[in-house]
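For reference, the structure discussed in these notes is given below.
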Amino acid sequence: MRSRLCSIIAASLALAGCQTAAPSHYRDLASSSVLAPNSGTNAARIPFAYGGNVDWSSYTSATVEPVVIYSGADNQFGDMSEADRKALADYMYARFTQQLATRFSQAPQSGPNTLRIRVTLTGAVKNTPVLGTFSRIDVAGLVYNGIQTANDGEGSFTGAVMYAVEIYDARSKRLLSAFVGKQFPKPSDIGASMGDLAAAKAGIDKGAEDLAARLH
């Protein structure tokens, strides 16, 4: 029994090395010079941020620019194909637009009381075929992923999405807020472990919901 327990613990620790990398500072972003490390409790998902106190309630409209696929040398796409990058960018635009429509009406970019929101897809990681799903039913994987779920952490062998959001006052063109984000599904989400881009898309869903909640 002790030997079996030690094996499970060792395997669980090994799984900790199978997480995706943390987002970069992304030096080619327009807001790169003002982004600072985030020391808050959500730093694992929002490692860099900028912004002061903004009265979001004063804004009634928003326009979301077409999602930009980041091409800087510090992008985090690895060997992901251009087709997959575009598929994620299109999905991201649709989901962010849909979520923000629950809070704002759409308006011309230069209208009053309007936000202009730029979302940049800076990186993504595909699921590891078979291992991502297997690690959610294997004993060691269940232990590790259970701990990660409780701590809002990242699961093993699962993909993720990295992105940046820059929010401007549409009329003055002043940068109000910006952040770099990383999103991933809950480790207990078996469905998000199936299919190459399933976890990245689940991360996009979470990112869109998070942004809409921030601006309420």
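Rule-based calculations on the coordinates, nothing more; no lab input. The structure presented is a predicted model; accordingly, all values stated were derived computationally and were not measured. Backbone-built Cβ (ideal geometry, glycine too); neighbour counts: all protein chains shown.
Using a simple spin-label model with pseudo-atoms 7 Å out from Cα toward Cβ, Glu65 and Ala36 lie 2.4 nm apart.
Net charge of the neighbourhood of Leu211, taken over other residues with C-beta under 15 Å away and scored Lys/Arg +1, Asp/Glu -1, is +3. Computing Rg and the Kirkwood Rh from the Cα coordinates of region 15-119 gives a ratio, Rg/Rh, of 0.99. Put a dot 7 Å past the Cα of Ser58, heading toward its Cβ, do the same for Asp90, and the two dots end up 3.9 nm apart.
Count Lys and Arg as plus one, Asp and Glu as minus one, and take only other residues whose Cβ is under 10 Å from that of Ser31; the net charge is then 0.
Taking Lys and Arg as +1 and Asp and Glu as -1, the other residues whose beta-carbon sits under 12 Å from that of Asp90 total +3. The Leu175 and Asp196 beta-carbon pair, evaluated with R₀ = 22 Å, returns a calculated FRET efficiency of approximately 0.05.
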